[in-house]
Every structure is written in C-alpha cells, then in structure tokens.
Amino acid sequence: MADALKVGIAGLGTVGASLVRIIQNRANELAVTCGRAIEVTAVTARDKSRDRGIDISDIAWFDTPEMLAAEADIDVFVELIGGAQGAAANSVRTALERGLHVVTANKALLAASGVDLAAIAEEKSVLLNFEAAVAGGIPVIKALRESLTGNTVSRVYGIMNGTCNYILTRMEKEGLSFADCLKEAQRLGYAEADPSFDIEGNDTAHKLAILTTLAFGTRIAADEIYLEGITNISIEDIHAAADLGYRIKLLGVAQKTDSGIEQRVHPTMVPHDTVIAQVDGVTNAVAIESDILGELLMVGPGAGGDATASAVLGDIADIAKSQPGAQRVPVLGTPAAALAPYRRAQMRSHEGGYFIRLTVADRTGVFASIAARMAENNISLESIMQRAKPDVSDDTSKTIILVTHATTEDSVRKAVDAIKAESYLAGEPQVIRIERPKAF
Ligand code: NAP
Ligand code: HSE
C-alpha cells in the first residue's frame, strides 16, 4: 500500500471537529477505498485547551494556521477557519505556494480570491478542492466542474443557505420568531461565525459567485450580485404567500441574458407545488439548466458539521487517489487564465412576476390610484386584493396585495416610487419577486 496521506487541519470548530472524528472512526474503510491511509498529522485552532469532543492528543499542534501551512510535515492543508482575509487567506496562499494540495469549505475566501488562488494551484500543479463551499454536502461543484463539461449552462439557481431556509421554514410551520429560529440555527452549527452573512444574503452571494464561474466560465464577480436578505420578511408575508399558493425561499439565481449574466440573491416566492418550494429546514437545492442534459436538481443537507465534513472528506479522498504529476482538472472548471471577464446584466432589466404588499390608509380612491400607477408603468395585474390588518385594533389602515404578470424590475420600481409619492401609504411597501422553476 502507498504511504499514508498526511493531512493538516486548520480550524477545529463545527466542521473541523466532525472531520477529525470521521477520519479517525473510518480509518480502515478509507484506507481500502483510497488505496492508502488518510492520517491527520497536524492541527491548529485558536484555543488549544478547548474540549472539542475529539482526541487530538497524538496529533501535532501548531500555534497558528500560517505556521501549520508553512512548516507541518503534510501533503494536504485543510482550511476550516472561515473568512475572506486573515489567517484563512494567508495560510491557504502559503500552503499552495509551498506546493501542498488544499481543501477548503470557505466560500467567502473563494468569492474574494478564488481566481488568484486557482492560478497558484494550477501553476504548482496541486489540487484546490472546495466541494463543501457550496450547498454543504451536495456534490454540486463536481457536477458543474466535471460531469457537465460540454453542456452550455443557461441558468443555475437554488436554495444555498441552510440557516435562512431553516428560519423561513420554522417561522412558517411553527410560527416561531425570526430571532428564536436564528438562535437555534446557530446552536445547531448551521450559521456563519457572523450570522449576518447568512441572513443578509452574503453567504448565498458568495456561493452563487462560485457557481456562476463554474457554470459560465467567467471570472468571479461576487460584488456585482444584486443582494437582498431575509430580515425584512415578516410572518404576514409568509402567510400571504401561502394564501396565494406560494412559499418564500431565499434563492440565488444566475442566468444568461442577452445583455449579460444576471446574478441575484433575494427572497423569492415559488409556487407551492414545485419541488423547490417543498425543500425545508437546513436542506439545500441547486438546479442547473443546460442544453444537452436539460434540467438537473440536486437536493440534500446544506449545512452542519457532518454534512459539510462529508464533502471535505470526499475532496481529501480525491487527493489520496490522485497520481503525483497527473494532469489536474482546472480548479474552476476552466483554467484560471482563460476565464472570461464577467459581463453583468442590469437588475432593472430583470423580467418576472412580482408580489407587492402595501399598507395604506383606509380611504376612498386608494385602490383606483394603485391600479392607475400600475397601468401607467405597463404592469398587468394577475390579482389585487385587500386584506384586513392582522392587528385588529388598527382599523385605520388596510393591506393591499398585488400580484403582477411578468413585467420588468424597472417598471415595478417606478410604479412603487409613484405610489410612495402619494399620501396614503402607511408603511414601507414590500416587494418580493416570483420565480417559476422550469421543471421543478
Ligand atoms: P466554526 O465552528 O466557527 O470554527 C472555526 C474554527 O476556526 C474554530 O476551531 C476556531 O478556533 C478556528 N479559528 C478561527 N480563527 C482562527 C485563527 N485566527 N487562527 C486559528 N484558528 C482559528 O466554523 P465552522 O462552522 O466549522 O466553519 C468553518 C468553515 O466552513 C467556514 O469557512 C464556513 O463558512 C465553512 N462552512 C461551514 C458550514 C457549516 O455548516 N458550519 C458549512 C459549509 C461551509 P477555536 O475553536 O479555538 O475558536
Ligand atoms: N452558514 C451556511 C448555511 C453554512 O447556513 O448554509 C453552509 O455553507
């Protein structure tokens, strides 16, 4: 049997501790499958004394990730710290420049520096694997990078943040508050160290940027993504969506249009009877539309220690099985130097249906005025209805809900601005885009 693959792990939190435990518990099976043993020989985290529920007493401890990357006797550097800058970024760069293979689950880092890091890996002829960085345990990176080679992808979209999907599901099904659901997602190890990255949509944007690069062969452009998180979604929106036959999901969508690539992350109403609408809790779903294969949907655990460690372990096993000096699959599907510039489609030209919720003063003429503002902007309405406010003590205002036929973002923004200029609004309008998945 070949020599053991020596693995150094930086970060022993939710994912790192699960990974160490799984590698130790499955040592024999892994050696058989990979044709060589996989051994964790070096680790680091911030606090050496913290009880992590794993035995690391025989593993060399390094005081910093940078020292581990530079000095440890390892073949693979696994980065499970997180963050686009600092220790994670420095140590990954050090490891690649040293000619070590790298595995990371860090989407923030890849969204910020993925092309640069891919270029170093390709120059050094080492692997930079990152299956866990998008949609947790779902093997979507390999699917796009390898299995769909030759297909022309037209759209990638999905539920890519377990924390948000967990919050929206529990708010809808159990009537729990946003804050309580978020606390529970943090306790379960789903949320980022800074959970605002989850709920404000940044984490989904990082993942979408990576998928866009793999799908369309363009350079990563995370800061070009239109971004809205779920913090403005109220239980009233969730109930109104349900009444209309929809569920609200935080979707990331990247699609080719005539004017460029549209990349957007926002709460989205999807028809109740679609598969994607039924994806609940921490589960993620990624749909890929391409010309040869057609529509593909992958659904599975999107966050949590074991689900994520499963993807990290798959990446390590690929390295264990790879031949030294063999031709490598380009890190981002296309060689880093050949990635095309990203051409952005303007969000205002986005086309689709819209849900608009307005809180208005209860007086004559309001309904007609709203309908007129819509017509002036060429917006055709599928439905318009008035609902009583959930707060029964408030009989001075009413909720009006509009659902539009397909229109443009530009028209909707102009119509909503015109309504805001009237005197009858009693609250900020809520606008939620509607998405109708092709096959799912
Ligand atoms: P975590 O529980 O917060 O663990 C982070 C680990 O990094 C901790 O062990 C921490 O040390 C260590 N660390 C932080 N800063 C450090 C520094 N400057 N030097 C040395 N060690 C440092 O995070 P996680 O949930 O495991 O996530 C790790 C990575 O996986 C992130 O990139 C995350 O986005 C990604 N990811 C997570 C999930 C998930 O479901 N959790 C899913 C997919 C991807 P201490 O323990 O001593 O504090
Ligand atoms: N915080 C992320 C999520 C972890 O909730 O989806 C998985 O990337």
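The values are calculated or read from the model by the stated rules, or taken from the named source; none is laboratory data. Bear in mind the structure is a predicted one, so any value in this text is a computation, not a measurement. Quick reminder, even Gly has a Cβ in these numbers, built from the backbone with ideal geometry, and neighbours come from all protein chains shown.
Please work out if T204 is near ligand 2 (Cβ under 7 Å from one of its atoms), part of a helix (DSSP H, G or I) and of a type in the set (S, T, N, Q). Outline the logic, then answer.
Values: near ligand 2 (Cβ under 7 Å from one of its atoms): no; part of a helix (DSSP H, G or I): yes; of a type in the set (S, T, N, Q): yes.
Answer is no for this residue.
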Legend entry - Matching option when the condition is modelled with pLDDT of 95 or more and in contact with a Gly (Cβ under 8 Å, 6 or more places away or on another chain), among V103, V126: V126
Inset, instruction - Looking at (1) hydrophobic (A, V, I, L, M, F, W, C); (2) under 30 Å from L293 (Cβ atoms); (3) within 16 Å of ligand 1 (Cβ to nearest atom), find the lone condition where F197 falls short. - result: (2)
Legend entry - Meets criteria (without any contact (Cβ under 8 Å) to a residue 24 or more places away in the chain and either more than 30 Å from A121 (Cβ to Cβ) or not assigned by TED's automatic domain parsing to the domain that holds P267 (or both)) for A421: yes
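So, restricting to strands (runs of 3 or more DSSP E) that lie completely within the range 26-131, which ones have at least 1 residues that are within 14 Å of ligand 1 (Cβ to nearest atom) and touching a Phe, Trp or Tyr at 6+ places or on another chain (Cβ under 9 Å)?
On the way: elements: 38-44, 76-79, 101-104.
Qualifying strands (runs of 3 or more DSSP E): 38-44, 101-104.
Across the range 158-177, which residue is surrounded by the most Cβ atoms within 10 Å (Cβ to Cβ) among those that are in contact with a Pro (Cβ under 9 Å, 6 or more places away or on another chain) and within 20 Å of A311 (Cβ to Cβ)? Don't jump to the end; show me each part of the working.
Of all residues in the range 158-177, those in contact with a Pro (Cβ under 9 Å, 6 or more places away or on another chain) come to 162-164, 168.
Those left that are additionally within 20 Å of A311 (Cβ to Cβ): 162-164.
Working: G162: 27, T163: 27, C164: 32.
Filtering first and then ranking leaves C164.
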Legend entry - Output for the range 99-120, where each listed residue is among the hydrophobic types (A, V, I, L, M, F, W, C), under 20 Å from S310 (Cβ atoms) and within 12 Å of ligand 2 (Cβ to nearest atom): A105, L110
Inset, instruction - Among what's in the range 200-226 and is away from ligand 1 (no atom under 14 Å from the Cβ) and polar (S, T, N, Q), pick the residue that is nearest to T163 (Cα to Cα). - result: T212
Inset, instruction - Considering every residue within the range 339-357, establish whether at least one is assigned to a helix (DSSP H, G or I), touching a Lys or Arg at 6+ places or on another chain (Cβ under 9 Å) and aliphatic (A, V, I, L, M). - result: yes
